[in-house]
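What follows is a single structure, written as structure tokens, with notes after it.
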Amino acid sequence: MSDRLQELAVFVRAAESGSFSKAARELGLSQPSVSRIIGELEARLGVKLLLRTTRRITVTDAGALFLTRAREVLADIEDAEDAARGIDSLRGTIRIAMPVMYGARNIIPRLPKFLAAHPLLRVELSVADERQDLVAEGTDVAIRLGALTDSGFGARSLGSVPRLVVASPSYLAARGAPKTPADLASHDCIFGPGQSGLASWSFTRNGAETSVDIRGRISTDSGPGVFACVLAGLGIAITSPIMAGPEIKAGTLVPLLKGYKLPPLEVHAVYPSGRRPSPKVRALVDYLAAEFARSPHDATP
């Protein structure tokens with residue numbers, strides 16, 4: 001039976017990642033071993049599950065059906081083992097993907113308490129602002145900011161992040177401070193990842209919405225890049241209280257347009273499509289939801 005379970009685990013990761021070598025690295029096997037296991041599985045079943053090319057592994061129709069059931073079997077076994085051990089004995093590895101600045105300032109500071117309650121758990125963090133292929137990367141859960149574009153994912157709301165506009169004292173000394181959103185049209189604005197990369201920023205005041213087309217000479221694909229640019233006096237940027245709180249308190253960043261509100265960013269825990277969240281992942285998401293209910297996103301953890 002243990003050989004059958006290894007077959008399932010190897011097949012699932014090879015199918016999801018599209019790579020024998022990646023599956024081998026994740027499972028601590030050699031690439032020839034992965035190829036052999038898949039070959040023996042296909043020979044035993046009498047069907048082709050995966051198509052190999054020089055560039056990628058693709059799943060056949062029969063492989064797609066088998067993948068769904070194989071995931072269910074592995075999830076059921078993990079559920080049964082965790083049920084036998086009890087919630088206080090959760091173990092294994094949780095792979096979490098998160099944006100750089102938000103993760104560093106709003107997720108990672110909350111992990112020590114969770115890990116102290118579950119000492120047998122390990123966490124692997126993928127910290128990047130670009131959105132990854134969660135299934136191919138073997139990610140258990142991702143923290144996503146903004147609108148969810150793929151309805152195939154399972155998701156749970158973790159609240160929303162208020163946003164504000166900031167600049168450095170050096171920039172404001174040289175260019176002056178905008179008094180209304182319309183004034184932003186004559187300022188250098190910094191284009192960043194997600195919503196802050198839009199060419200039009202929208203504000204509300206007393207129920208009325210105002211949109212302004214912005215311009216700027218600087219764009220970056222990372223949250224830390226936005227922070228470095230705004231601190232260097234290169235322009236005005238969108239951020240949030242949780243991410244810019246220390247700099248605002250220290251006076252190195254100045255909040256602007258206080259009478260106007262930007263739309264908040266929704267925060268979700270997202271699960272890869274086709275995969276049931278494991279008990280350890282559900283425990284983590286339950287913990288984060290409770291933490292954010294107790295200490296909202298506009299407060300420092």
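The values are calculated or read from the model by the stated rules, or taken from the named source; none is laboratory data. Small disclaimer: the values here were computed from a predicted structure and weren't measured. Ideal geometry is used to build each Cβ from the backbone, glycine not excepted, and the neighbour counts take in all protein chains shown. For accessibility, only protein heavy atoms count, side chains too; no ligands or nucleic acids. Shrake-Rupley method; radii C 1.70, N 1.55, O 1.52, S 1.80 Å.
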- Query: Taking only pairs six or more apart or across chains, which ones have beta-carbon atoms under 8 Å, a first residue in segment 26-41 that is on the phi > 0 side of the Ramachandran plot and among the charged types (D, E, K, R), and a second residue that is assigned to a helix (DSSP H, G or I) and crowded, with 20+ Cβ neighbours inside 10 Å?
  - Reply: none
- Note on the structure: Of the candidates Ile242, Ile236, the one satisfying the condition of being of a type in the set (A, V, I, L, M), crowded, with 18+ Cβ neighbours inside 10 Å and over 23 Å from Ala174 (Cβ atoms) is Ile242
- Task: Would you point out the residue of segment 267-301, among those that are at pLDDT 90 or above and of a type in the set (D, E, K, R), that is farthest from Ala64 (Cα to Cα)?
- Result: Glu291
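When segment 216-248 is examined, which residues are found to be of a type in the set (A, V, I, L, M) and part of a helix (DSSP H, G or I)?
Start the filter on segment 216-248 by keeping residues that are of a type in the set (A, V, I, L, M), which leaves 218, 226, 228, 230-232, 234, 236-238, 242-244, 248.
Residues satisfying the conditions are Val226, Ala228, Val230, Leu231, Ile242, Met243, Ala244, Ile248.
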- Identify the single condition in (1) among the hydrophobic types (A, V, I, L, M, F, W, C); (2) open to solvent by 20 Å² or more (accessible area, probe 1.4 Å); (3) farther than 19 Å from Tyr171 by Cβ that Val270 does not satisfy, given that it satisfies every other one. (2)
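Which ones in segment 146-168 are assigned to a strand (DSSP E or B), in contact with a Ser or Thr (Cβ under 9 Å, 6 or more places away or on another chain) and either closer than 14 Å to Leu265 by Cα or at pLDDT 90 or above (or both)? First the steps, then the outcome.
Narrowing segment 146-168 to residues assigned to a strand (DSSP E or B): 154-161, 164-167.
Now restrict to residues that are in contact with a Ser or Thr (Cβ under 9 Å, 6 or more places away or on another chain): 154, 161, 164-166.
If the condition is that a residue be assigned to a strand (DSSP E or B), in contact with a Ser or Thr (Cβ under 9 Å, 6 or more places away or on another chain) and either closer than 14 Å to Leu265 by Cα or at pLDDT 90 or above (or both), then Val161, Leu164, Val165, Val166 are the ones that fit.
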- Message: Please determine whether any residue of segment 249-266 is open to solvent by 30 Å² or more (accessible area, probe 1.4 Å) and part of a helix (DSSP H, G or I).
- Response: yes
- When segment 134-164 is examined, which residues are found to be farther than 22 Å from Leu121 by Cβ and of a type in the set (S, T, N, Q)? Thr149, Ser151, Ser157, Ser160
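What is the residue count in segment 87-101 for residues that are modelled with pLDDT under 85 and either closer than 20 Å to Ala293 by Cβ or assigned to a strand (DSSP E or B) (or both)? Break it down into steps so the answer makes sense when it comes.
Here is the first cut: in segment 87-101, the ones modelled with pLDDT under 85 are 87-92.
Retained after the next criterion (residues that are either closer than 20 Å to Ala293 by Cβ or assigned to a strand (DSSP E or B) (or both)): 87, 92.
Number satisfying all stated conditions: 2.
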- Query: Would segment 115-133 turn up any residue that is part of a helix (DSSP H, G or I), touching a residue at least 12 places away in the same chain (Cβ under 8 Å) and closer than 14 Å to Val281 by Cβ?
  - Reply: no
- Please work out if Ala104 is free of Cβ contacts under 8 Å to residues at least 12 places away in the same chain, among the aliphatic types (A, V, I, L, M), open to solvent by 30 Å² or more (accessible area, probe 1.4 Å) and outside any loop (DSSP other than H, G, I, E, B). no
- Message: Just checking, does segment 8-17 include any residue being free of Cβ contacts under 8 Å to residues at least 12 places away in the same chain, hydroxyl-bearing (Ser, Thr, Tyr) and farther than 21 Å from Pro279 by Cβ?
- Response: no
